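Following: one structure in structure tokens, then a few remarks.
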Amino acid sequence: MSSTTILILVGLPVGAMMLGFIAITFAAGHAARSSVRPVKGAPGGPPSPEAFTRAQALLDRGKKIEAIKLIRDDTGMGLKEAKDYAEAMQDGRIPGPPAASPHGAGLLSERVRAFRDAGDRDSAVALVQAETGMNREEAVRFVDALD
């Protein structure tokens, strides 16, 4: 047998295995991306008043993980954001369910100013993140921009 024949006999199966591996990897990646759960509310926004009340009840009973799952399911928040929100609820930094109001933005800015003016900048930033879905950097800019 010539060296070309040997190269073809060995190269074809190896190439076919490589193509199969690439196809399986691509299919697995596509399946993982398409298995994202549907979002019921606005991504990253605060939970509905009903979900907030249920999450608060879970937190009061010491069921933090269940509360975080409920917040994630209701809002579409990521795990870290939902955990931060649940901890803010637990610590009293978010005192009640978000109220639907035509002056909601004004109320948020007033509450943020109150935290900031009391020297609790971290709570002000956490409140902005929890109620708007902003990341930390955006929330810090929001707090800093308030007069």
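It is to be established whether one or more residues within region 77-92 are of a type in the set (Gly, Ala, Ser) and over 23 Å from residue 124 (Cβ atoms). Walk me through it before giving the result.
To start, the set of residues in region 77-92 that are of a type in the set (Gly, Ala, Ser) comprises 78, 82, 86, 88, 92.
Filter once more, keeping what is over 23 Å from residue 124 (Cβ atoms): none.
Checking region 77-92: not a single residue is of a type in the set (Gly, Ala, Ser) and over 23 Å from residue 124 (Cβ atoms).
Let's see how each residue does on (1) surrounded by fewer than 17 Cβ atoms within 10 Å (Cβ to Cβ); (2) outside any helix (DSSP H, G or I); (3) at pLDDT 85 or above:
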position: 57; (1), (2), (3): yes, no, yes
position: 66; (1), (2), (3): yes, no, yes
position: 69; (1), (2), (3): yes, no, yes
position: 80; (1), (2), (3): yes, no, yes
position: 98; (1), (2), (3): no, yes, no
position: 101; (1), (2), (3): yes, yes, no
position: 106; (1), (2), (3): yes, no, no
position: 126; (1), (2), (3): no, no, yes
position: 139; (1), (2), (3): no, no, yes
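Residues are listed down the side, and each one gets a yes or a no for (1) farther than 21 Å from residue 74 by Cβ; (2) basic (Lys, Arg):
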| site | (1), (2) |
| --- | --- |
| 112 | yes, no |
| 116 | yes, yes |
| 130 | no, no |
| 133 | no, no |
| 138 | yes, no |
| 145 | yes, no |
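Please go through (1) surrounded by 12 or more Cβ atoms within 10 Å (Cβ to Cβ); (2) in contact with a helix residue (DSSP H, G or I) (Cβ under 9 Å, 6 or more places away or on another chain) for residue 76 and return the number of the only condition it doesn't satisfy.
(2) is the only condition that residue 76 fails.
The values are calculated or read from the model by the stated rules, or taken from the named source; none is laboratory data. As the structure is a computational prediction, the values presented were derived from the model and not from experiment. Cβ coordinates were reconstructed from backbone atoms using ideal geometry, including for glycine residues, and neighbour counts include every protein chain displayed.
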